[in-house]
Every structure is written in C-alpha cells, then in structure tokens.
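Working notes for the structure below.
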Amino acid sequence: MTLCGRVAAKLKMTEREVWRAIRAGAYRHVKLEKRTLSIPDSMLGKVQGALAKFLSYKLAVHDAAHGAVHGRSILSAAAVHGSPGVLVGLDVHDFFGTVTSAMFRHAVHASGGLVAGDVNFVLKACFEDGVLPQGAPTSPVIANASVYFLDEELSAVRGGAWRYSRFVDDLFFSHAKDVSRHEVIALLTQARHIVEEYGFKLAASKRRIARRHQCQTIVGLIVNEGKPRVPRPFHRKIRAALHARLKGKPSTWDDARLKGAIAFVEMVEPEWATLYKMNLELAQIQENQRAIANAILATDDHKP
C-alpha cells in the first residue's frame, strides 16, 4: 500500500480526499522572537500527523540523531557524552528552513526506504516553497532522514576521536580527555566545513565549550558526573512550588506547569519524580479540602 493509502486508511478518508487536503492546505505563519513557526491548517495538520507516524518507521535515521526518533530522547542524546573531558555544543541556524526537497530526495534515494511515488507524496504534503516548514509535525522526522549523511560525516570528525550526537538542530561533541585548545579549534573548523558543505550555517553566538571543571549540559541535562541528571536549580524550583502549594500559599506554577516539570524529571530521575507526584497529589487534596471548608463557612455566614 502507498503512503497516501496508509494515511487515508488511518484517517478514514479516500486517497482523493487526502490529496485534496494537501492541495488546499495552507500555513499560518507565527513570528516569535527568534524564529517563525509555520502552522498547517486543520486538515493538512491531520494528514501530516498521520504521515509522520508512518515516516518514523520507514525512513533511515542515523544513530547519532536523537530528537523526534522513536525510542530516543534528550536522555539518550546526553548519555553518549558521560563525564567528558571537554564538551562542545553547536547550533544550526534555521535548521528546518535549510532542509530542501532536493536534499530529502537525495538522502532517501541513497538510503532507500521509499519508492518514487511515496517520495513525491511526501514532497507535496510536507514541504512549503521547497523547504521544511518549522511547525509541521512531519518536519523533524523528514529533517532527520535528510541529514543522514551529514550525521555520518560529523560522527567521524577528527578521525572519530570525538563522540557526537544531534538533538534536532543542536550538535554535541565530546572528548574523553581534556584536550588542548588547538584540538578544540581543529574540531570546530572541521565541523563547520562539513556543516557548510551540506548547505547549513552554524550560529556563532550559540557555541558552547565546557571543560570538566565547568558545568556541562546537553539539552538541559548535566553530564559532568557520567550519568545524565537534572540540574539542582530545577529541582529546587519544583520543591519551592510544591512547598508553597502544601502550605496553602500562592505559587507561580499551576498544575500543568508542575506536571510538565515532573514529567521531565521522571524521564531522567524517576525516583525523584515519584516523590514529587505524591506531594502534588497531597497538595491537590488539601486545596480541595480548603475549598470545601471555605464553602461551608460561606454558607454558615449567610444563615439567619
């Protein structure tokens, strides 16, 4: 079955209706401080959402890619670099906007995974003006496949002496030893040349270099001590928010924010997340009890 057929079956539509949704699809462009999001309309978004799930299993993705890859996460991206002597972080400027339809077609042709008809379907459904729209659910999956050979070359930088992982547009290199400044410069030079050969540019202002005596972070996780862990300040913020809630005091963190923060911790340090969940449930019970008590008091105050 073709990709179009699979998407149609998933959405309980006909293939003609899927193509109609693609041709009539439009994007809403939302300008943020540092980037512009391209949000697909409702029907196109549904088609892309279903397509993204199929593509995540069909497209070849390099082992160094960890963002938007089934079974991988920020934890796996950080685990590659346990206890580095030196850690280098680089950011690709306008990552999605630089991934072109030609780049995707070349990568898929070289690595296989899709027949010509399916490739054409993906190009029509997922690219806007020949590039990936940042904000479409398919863009992270397609980008990973498109830069397969970029990841391959960066994994072998400096003869493979450096460990490498990529989380979407963030590139991380680490060396087990506290190597010289000359070696770090050599890494940066070679990595920049490779990235530019593929048409990308590095954001010079976002380059990070941290040695063993400094705080070494990868996508928000500390890697100095080997096993990735959540930064202590983040733990303190969660505890402060929970303490305020338990004491009946106002907190800037509502349930949604607290649950999101706890879910982040659970991925890395589940034992702490379990404790935080218990405290949040207790705070919610106490808040409900206070609300009931206040309602009873308010009713008593209005009795003659």
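The values are calculated or read from the model by the stated rules, or taken from the named source; none is laboratory data. Note that the structure is a prediction, hence the values are computed from the model and not measured. Ideal geometry is used to build each Cβ from the backbone, glycine not excepted, and the neighbour counts take in all protein chains shown. These accessible areas exclude ligands, DNA and RNA; they are computed on the full protein's heavy atoms, side chains included. Shrake-Rupley method; radii C 1.70, N 1.55, O 1.52, S 1.80 Å.
Please identify the pairs in which a residue from segment 53-73 that is more than 13 Å from Val168 (Cα to Cα) has its Cβ atom under 9 Å from the Cβ atom of a residue that is open to solvent by 40 Å² or more (accessible area, probe 1.4 Å) and basic (Lys, Arg), counting only partners at least 6 apart or on another chain.
Sorted first by the residue in segment 53-73, then by its partner, the pairs are Lys53/Lys10; Phe54/Arg6; Phe54/Lys10.
Please verify whether segment 213-229 includes one or more residues that are part of a loop (DSSP other than H, G, I, E, B), touching a residue at least 40 places away in the same chain (Cβ under 8 Å), surrounded by 13 or more Cβ atoms within 10 Å (Cβ to Cβ) and at positive phi. Before you say what the answer is, go through the steps one by one.
Residues of segment 213-229 part of a loop (DSSP other than H, G, I, E, B): 213-216, 219-220, 223-228.
Restricting the remaining residues to those that are touching a residue at least 40 places away in the same chain (Cβ under 8 Å) gives 216, 219-220, 223-228.
Among the residues that remain, those that are also surrounded by 13 or more Cβ atoms within 10 Å (Cβ to Cβ) are: 216, 219-220, 223-224, 227-228.
Still in the running and at positive phi: 219-220.
Yes.
For Val80, are the conditions met, namely being closer than 24 Å to Gln190 by Cα and of a type in the set (Val, Ile, Thr)? Spell out how you get there, then give the answer.
Details: closer than 24 Å to Gln190 by Cα: yes; of a type in the set (Val, Ile, Thr): yes.
Judged against the criteria, Val80 is a match.
I need every pair where a residue in segment 251-269 that is within 14 Å of Asn279 (Cα to Cα) has its Cβ under 9 Å from the Cβ of a residue that is among the aromatic types (Phe, Trp, Tyr) and open to solvent by 20 Å² or more (accessible area, probe 1.4 Å), sequence separation at least 6 or different chains.
Once the first residue is within 14 Å of Asn279 (Cα to Cα) and sits in segment 251-269, its partners that are among the aromatic types (Phe, Trp, Tyr) and open to solvent by 20 Å² or more (accessible area, probe 1.4 Å) give Ala261/Phe234; Ala261/Trp253; Ile262/Trp272.
Taking His62, is it open to solvent by less than 40 Å² (accessible area, probe 1.4 Å) and over 25 Å from Phe127 (Cα atoms)? Before you say what the answer is, go through the steps one by one.
On the way: open to solvent by less than 40 Å² (accessible area, probe 1.4 Å): yes; over 25 Å from Phe127 (Cα atoms): no.
Criteria not met by His62.
Mind listing just one residue for me: the one in segment 81-104 that is closer than 18 Å to Arg211 by Cα and small (Gly, Ala, Ser) and, of those, most open to solvent (accessible area, probe 1.4 Å)? Step through it out loud before you land on a result.
Going through segment 81-104, the residues closer than 18 Å to Arg211 by Cα turn out to be 81-90.
When the remaining residues are screened for being small (Gly, Ala, Ser), the result is 82-83, 85, 89.
Values: Gly82: 21, Ser83: 48, Gly85: 0, Gly89: 3 Å².
Once the filter is applied, the top-ranked residue is Ser83.
In segment 111-130, which residues are free of Cβ contacts under 8 Å to residues at least 40 places away in the same chain and buried (at least 18 other Cβ atoms within 10 Å of the Cβ)?
Answer for segment 111-130, where residues must be free of Cβ contacts under 8 Å to residues at least 40 places away in the same chain and buried (at least 18 other Cβ atoms within 10 Å of the Cβ): just Phe127.
For Ala191, indicate whether it is part of a helix (DSSP H, G or I), in contact (Cβ under 8 Å) with a residue 60 or more places away in the chain, surrounded by 17 or more Cβ atoms within 10 Å (Cβ to Cβ) and within 24 Å of the chain's Cα centre (by Cα). Explain how you work it out, then say what you get.
On the way: part of a helix (DSSP H, G or I): yes; in contact (Cβ under 8 Å) with a residue 60 or more places away in the chain: yes; surrounded by 17 or more Cβ atoms within 10 Å (Cβ to Cβ): yes; within 24 Å of the chain's Cα centre (by Cα): yes.
Here the answer is yes, as Ala191 does meet what is asked.
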